[in-house]
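K.L.:
This structure is in structure tokens; I'll ask about it shortly.
The values are calculated or read from the model by the stated rules, or taken from the named source; none is laboratory data. These numbers come from a predicted model, not from an experiment. Here the Cβ is made from the backbone with ideal geometry for all residues, glycine too, and neighbour counts use every protein chain on show.
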Amino acid sequence: MVTINCPGCGNAVKFVNAASIYARCDACDSLIIRRDVNVELLGKVAALQDDQSPLQLGTHGKYDGKPFEVVGRIQIRYDSGFWNEWFIHFQDGRSGWLGEAQGVYFVNFHRPEVKAPERGSLAVGRGMAIDAYDYVVTQLLSGAIVSFEGELPFAAQSGMRAVSADLRGGGPRGVTVDYSDEPMVFIGEYLRFEDLAFTNLRDLTQQDPKRLPVAPTRLDCPNCGAPQQLKNPGVSQLLVCAYCGSGIDTTSPKLHLLWKANQAGQQMQGAIELGARGRLFDVEWECLGHLRKAVTVEYTEYAWHEYLLYNPLRGYRWLVENNGHWSFVEPVHGMPENKAVRLLCGDLPIGSLEYEGRTYRHFQSSVEKVSAVLGEFYWQVREGDLSNTADYVSPPFMLSGEITEGANAEITWSKGTYIDAGMVAAAFGANTGPASKVAPHQPNPVQGTLWAQFSAFLAAALLIMIGFSVTGSRRVFNTQGVYFQDEAEHGKIYTLTLDGHPSNVVVHVNSNVNNRWAYFHMALINEETHEAIDFGQDVSFYSGVDDGEYWSEGSRDSETILPKVPAGNYSLFIDPQTGTGDKPDPNVPTMLPGAPPSRALFGYSIDVDRDVPGWRWFFLIAFVLVVPPIIQGMRYASFEKQRWMESDHPPLTSSSSGDSE
Amino acid sequence: MTGPRLYTLFGILMLMLLGWLQYVGFAFTDFDRVRDVPRSVRNNPGSYRSHYTWQYHHTGGK
């Protein structure tokens, strides 16, 4: 740091940055130029205007983890308001610029090696590559330097023409090309207030006598003479008279009338009172303005309300109310990307956009019209103003692109977050009222689908079944027999042992009956408790040839499940029966080798298994488990259908699909 | 039964139910349980049938 004495008044003037050549003496407002050890006085500097910037010389901050100090400032006035270029000095010796206005912060660095595009080739919406990145021209600016303070690397003069172009890239990247003299390219990033970790900010509650007020805070309406209060002088460019609805130009103390009495704004009913303060997302906001906007679709006007919020450090935000649904809207500095055109170049495509890792689907494109204005605004909005807009949704967020054409052509993007009406009511004491319809970015109350969980449960159920199949299911008894035609008594008793916990016993009968039925009366008798479980199974099989075609019916297999059978020693009584008077079946002996073929009517085999997994329960549980995902999916789809019915892409209905044929 | 948490709870309960059904070998069908079957009957299959088959008059066939 170098300290020299002002040639005009002798006051000590510091040069913090080695690149600084020019400085303004705080004591006498002289412009000083430093040439090696010599100092010259170049003249007096005009006073700064009070633009409500929270920064000041000596403010410290951090960019990319590196500390910097604000050492100089150029104040520029464009049609859209004041813009400050703060000259910043990093501890590592680098210097850069911090563009700032209305809560927008752009840290950028002069890149002399990057060639500036021809100014004549620039148009809002045009895309171009600069320093290996794609950018889109978002604004062409023309203004004048108001004044400056601190130290600067070049001479600035009040009234000097300031011409520049703003370009935005994907994410936070941005470029400013300064065409005021030799074109210079500045490349940097747009950041939020909280990203820069500022300290030693200006106390905005104290009036700085060295800064000229842009407009009075208390004024009388030039039309009706009613007293007015301007909340944000120096930033607000328009104040609408609360009494007669006249629009007052507040960019100068002359207070021109932009329009005379207008009833639309006065008659507008709002949920939030102008001047109301409330905390949202841990920041206190004041409601400065209220707009009513509308779109007309097929001769029907759809209107909504937008409330302008202001915080001196964060800048402007919006609260938007539509059909009782509320959104908190903030500006987006990066450009959303579109897969088809990579980076949007002036168009608002009817497709999907990528922004901050989310995919936004196009919802609606429209021409919005301002239908009523009340309060104060940072631009001179008028009733009847039109803009081309497109909304893209990814609940609970909505990206909105807006293209303003004409002399002040501009592309702006904003991001809305759906918030609960209760938040707005609690923060601002607003009368929010009930919501109707479905908002474009309203979160679906049905939280996602349940199919992933269902798959997991199905897999778990399958594992359970496999586990029981492996550890259970064992054969405890098997017998084979033949039913002989002339046998007096067919009933037989066998013994078997069941072990383990009470579980099922599955009795499986297989018989080679042919054109006959067989019934097996059985009983499982517990030897300890003397309790018998009586049951029976029948099999039958019939076949033949009718009109040359073979037919068959019935089954030779049968199964009975005996549930919850305790362990113990058992007797199994088996008594086969069949119809009488039938002829023996010559094929039966194949089932029991050695039996006389002439007497056998049928053979049979009986198996008894213990702990057999019941797959019917698996399928029943799977069915029960699949019901909620199906219901969930239907409810989810129903809500989405309501959402998209309001869009440019309504889902096909049976009538519409029929019409299209 | 629409919330993921509720469905998770429901699913776990269903899996527990499945495990229990398999463990006890549950079935909705049940059968006549005849108590105090005399040992002599078990030793004589023919006599057993005369006592306990009155409900099984299967006619079968076509």
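K.L.:
With respect to A:P445, determine if the residue is loosely packed, with under 13 Cβ neighbours inside 10 Å, over 30 Å from B:W20 (Cα atoms) and out of contact with any Gly (no Cβ under 9 Å at 6 or more places or on another chain).
P.N.:
yes
K.L.:
Can you go through A:A622, A:A600, A:A567 and tell me which one is of a type outside the set (D, E), at pLDDT 90 or above and farther than 30 Å from A:A456 by Cβ? I'd like the intermediate steps shown before the answer.
P.N.:
Numbers: A:A622 fails: farther than 30 Å from A:A456 by Cβ; A:A600 fails: at pLDDT 90 or above.
Just a single option satisfies the conditions, and that option is A:A567.
K.L.:
Can I ask one more? Could you check region B:6-22 and list, in sequence order, the residues that are under 22 Å from A:S469 (Cβ atoms) and loosely packed, with under 15 Cβ neighbours inside 10 Å? Don't jump to the end; show me each part of the working.
P.N.:
Quick first cut of region B:6-22, residues under 22 Å from A:S469 (Cβ atoms) only: B:11-12, B:14-22.
Once the filter is applied, which keeps residues that are under 22 Å from A:S469 (Cβ atoms) and loosely packed, with under 15 Cβ neighbours inside 10 Å, region B:6-22 yields B:I12, B:M16, B:W20.
K.L.:
Please list, ordered by first then second residue, the pairs with beta carbon atoms under 8 Å, 6 or more apart or interchain, first in region A:463-479 and more than 10 Å from chain B (Cβ to nearest Cβ), second loosely packed, with under 13 Cβ neighbours inside 10 Å.
P.N.:
Pairs found: A:V476/A:T497.
K.L.:
For the list (1) touching a helix residue (DSSP H, G or I) at 6+ places or on another chain (Cβ under 8 Å); (2) more than 9 Å from chain B (Cβ to nearest Cβ); (3) closer than 30 Å to B:P38 by Cβ, I need the number of the one condition that A:L458 fails.
P.N.:
Looking at each condition in turn, A:L458 falls short on (3).
K.L.:
Turning to a different aspect of this structure: Residues A:G270, A:G275, A:G245, A:G289: which one is on the phi > 0 side of the Ramachandran plot, of a type outside the set (F, W, Y) and crowded, with 19+ Cβ neighbours inside 10 Å?
P.N.:
Working: A:G270 fails: on the phi > 0 side of the Ramachandran plot; A:G275 fails: crowded, with 19+ Cβ neighbours inside 10 Å; A:G289 fails: on the phi > 0 side of the Ramachandran plot.
Unique residue meeting the criteria: A:G245.
K.L.:
Scan region A:57-65 and tell me whether some residue there is modelled with pLDDT under 90 and assigned to a strand (DSSP E or B).
P.N.:
Narrowing region A:57-65 to residues modelled with pLDDT under 90: none.
The answer is no; no qualifying residue exists.
K.L.:
Any residue in region A:449-472 that is surrounded by fewer than 13 Cβ atoms within 10 Å (Cβ to Cβ) and in contact with an Asp or Glu (Cβ under 7 Å, 6 or more places away or on another chain)?
P.N.:
No: zero hits.
K.L.:
Take region A:480-523 and flag every residue that is in a strand (DSSP E or B) and facing chain B (nearest Cβ under 9 Å). So that I can check it myself, show each step before the final result.
P.N.:
Keep residues of region A:480-523 that are in a strand (DSSP E or B), which gives A:480-484, A:492-498, A:503-511, A:516-523.
Residues satisfying the conditions are A:K492, A:I493, A:S503, A:N504, A:V505, A:V506, A:R516, A:W517, A:A518, A:Y519, A:H521, A:A523.
K.L.:
Only one of A:Q157, A:Q207 is touching a strand residue (DSSP E or B) at 6+ places or on another chain (Cβ under 7 Å) and of a type outside the set (A, V, I, L, M, F, W, C). Can you tell me which? Working first, answer last.
P.N.:
Values: A:Q207 fails: touching a strand residue (DSSP E or B) at 6+ places or on another chain (Cβ under 7 Å).
Unique residue meeting the criteria: A:Q157.
K.L.:
Any idea which residue in region A:597-654 is farthest from the other protein chains (Cβ to nearest Cβ), counting only those that are of a type in the set (K, R) and over 29 Å from A:P566 (Cβ atoms)? Let's see the steps before the verdict.
P.N.:
Taking region A:597-654 first, the residues of a type in the set (K, R) are A:599, A:610, A:616, A:635, A:641, A:643.
Retained after the next criterion (residues that are over 29 Å from A:P566 (Cβ atoms)): A:599, A:635, A:641, A:643.
Numbers: A:R599: 20, A:R635: 7, A:K641: 17, A:R643: 18 Å.
Among those residues, the one meeting the criterion is A:R599.
K.L.:
When you scan region A:532-557, how many residues do you find that are among the acidic types (D, E) and at the interface with another protein chain (Cβ under 10 Å from one of its Cβ atoms)? So that I can check it myself, show each step before the final result.
P.N.:
Here is the first cut: in region A:532-557, the ones among the acidic types (D, E) are A:534, A:538, A:546-547, A:549, A:553, A:557.
Retained after the next criterion (residues that are at the interface with another protein chain (Cβ under 10 Å from one of its Cβ atoms)): A:534, A:538, A:553.
Result for region A:532-557: 3.
K.L.:
Quick check, is A:D557 of a type in the set (D, E), surrounded by 18 or more Cβ atoms within 10 Å (Cβ to Cβ) and modelled with pLDDT of 90 or more? Step through it out loud before you land on a result.
P.N.:
On the way: of a type in the set (D, E): yes; surrounded by 18 or more Cβ atoms within 10 Å (Cβ to Cβ): no; modelled with pLDDT of 90 or more: yes.
No, not satisfied.
K.L.:
I'm told A:P584 meets every condition in (1) away from chain B (no Cβ under 14 Å); (2) farther than 22 Å from A:F477 by Cα; (3) modelled with pLDDT of 90 or more except one. Can you identify the failing condition by its number?
P.N.:
(3)
Results for (1) in contact with a Cys (Cβ under 6 Å, 6 or more places away or on another chain); (2) surrounded by 16 or more Cβ atoms within 10 Å (Cβ to Cβ), shown as yes or no for each residue.
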site: A:C9; (1), (2): yes, no
site: A:A12; (1), (2): no, no
site: A:A18; (1), (2): no, no
site: A:A23; (1), (2): no, yes
site: A:A27; (1), (2): yes, no
site: A:K44; (1), (2): no, no
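K.L.:
Could you identify the single residue in A:T59, A:T3 that is on the phi < 0 side of the Ramachandran plot and surrounded by fewer than 20 Cβ atoms within 10 Å (Cβ to Cβ)?
P.N.:
Details: A:T59 fails: surrounded by fewer than 20 Cβ atoms within 10 Å (Cβ to Cβ).
After applying the criteria, what remains is A:T3.
K.L.:
Scan region A:27-44 for residues that are at pLDDT 80 or above and either in a loop (DSSP other than H, G, I, E, B) or under 26 Å from A:G103 (Cα atoms) (or both) and jot them down.
P.N.:
If the condition is that a residue be at pLDDT 80 or above and either in a loop (DSSP other than H, G, I, E, B) or under 26 Å from A:G103 (Cα atoms) (or both), then A:A27, A:C28, A:D29 are the ones that fit.
K.L.:
Hey, among the residues in region A:146-189 that are over 41 Å from the mean Cα position of the chain (by Cα) and assigned to a strand (DSSP E or B), which one's farthest from A:C6 (Cα to Cα)?
P.N.:
Filtering first and then ranking leaves A:R161.
K.L.:
Please determine whether any residue of region A:221-231 is under 24 Å from A:V370 (Cα atoms) and either of a type in the set (D, E) or not in a loop (DSSP other than H, G, I, E, B) (or both).
P.N.:
Within region A:221-231 (the criterion being under 24 Å from A:V370 (Cα atoms) and either of a type in the set (D, E) or not in a loop (DSSP other than H, G, I, E, B) (or both)), the answer is yes, since at least one residue qualifies.
K.L.:
Here's another thing I want to ask about it. For region A:239-263, give me each residue that is in contact (Cβ under 8 Å) with a residue 60 or more places away in the chain and in contact with an Asp or Glu (Cβ under 6 Å, 6 or more places away or on another chain).
P.N.:
Correct list: A:L239, A:L258.
K.L.:
Which residue pairs have Cβ atoms under 7 Å apart, sit 6 or more places apart or on different chains, and have a first residue in region A:511-537 that is of a type outside the set (F, W, Y) and a second that is outside any strand (DSSP E or B) and at pLDDT 90 or above?
P.N.:
The qualifying pairs are A:S511/A:R556; A:N512/A:R556; A:V513/A:R556.
K.L.:
Residues in region B:1-20 that are more than 7 Å from chain A (Cβ to nearest Cβ), of a type in the set (V, I, T) and farther than 27 Å from A:H501 by Cβ: how many?
P.N.:
Going through region B:1-20 one residue at a time, the tally reaches 0.
K.L.:
Just checking, how many residues over region A:99-113 are surrounded by fewer than 21 Cβ atoms within 10 Å (Cβ to Cβ), at pLDDT 95 or above and hydrophobic (A, V, I, L, M, F, W, C)?
P.N.:
1
K.L.:
With the condition kept exactly as written, say whether any residue in region A:385-402 is charged (D, E, K, R) and surrounded by 20 or more Cβ atoms within 10 Å (Cβ to Cβ).
P.N.:
If we filter region A:385-402 for residues that are charged (D, E, K, R), which is where we start, we get A:385, A:391, A:402.
Narrowing the set further to residues that are surrounded by 20 or more Cβ atoms within 10 Å (Cβ to Cβ) leaves A:391.
Among the residues of region A:385-402, at least one is charged (D, E, K, R) and surrounded by 20 or more Cβ atoms within 10 Å (Cβ to Cβ), which makes the answer yes.
K.L.:
Another question, then. With A:E113, A:E118 as the choices, which residue is of a type in the set (D, E, K, R), within 27 Å of A:S20 (Cβ to Cβ) and out of contact with any Gly (no Cβ under 7 Å at 6 or more places or on another chain)?
P.N.:
A:E113
K.L.:
Just wondering, is there one or more residues in region A:263-278 that are assigned to a strand (DSSP E or B) and touching a Ser or Thr at 6+ places or on another chain (Cβ under 7 Å)?
P.N.:
We begin by selecting, within region A:263-278, every residue assigned to a strand (DSSP E or B); these are A:277-278.
In the following step, the residues that additionally are touching a Ser or Thr at 6+ places or on another chain (Cβ under 7 Å) were identified as none.
Checked region A:263-278: no residue is assigned to a strand (DSSP E or B) and touching a Ser or Thr at 6+ places or on another chain (Cβ under 7 Å).
K.L.:
Continuing with this model, one more query. Determine which member of the set A:T449, A:T529 is within 12 Å of chain B (Cβ to nearest Cβ), within 42 Å of the chain's Cα centre (by Cα) and not hydrophobic (A, V, I, L, M, F, W, C). Give the derivation first.
P.N.:
Working: A:T529 fails: within 42 Å of the chain's Cα centre (by Cα).
Exactly one of A:T449, A:T529 is within 12 Å of chain B (Cβ to nearest Cβ), within 42 Å of the chain's Cα centre (by Cα) and not hydrophobic (A, V, I, L, M, F, W, C), namely A:T449.
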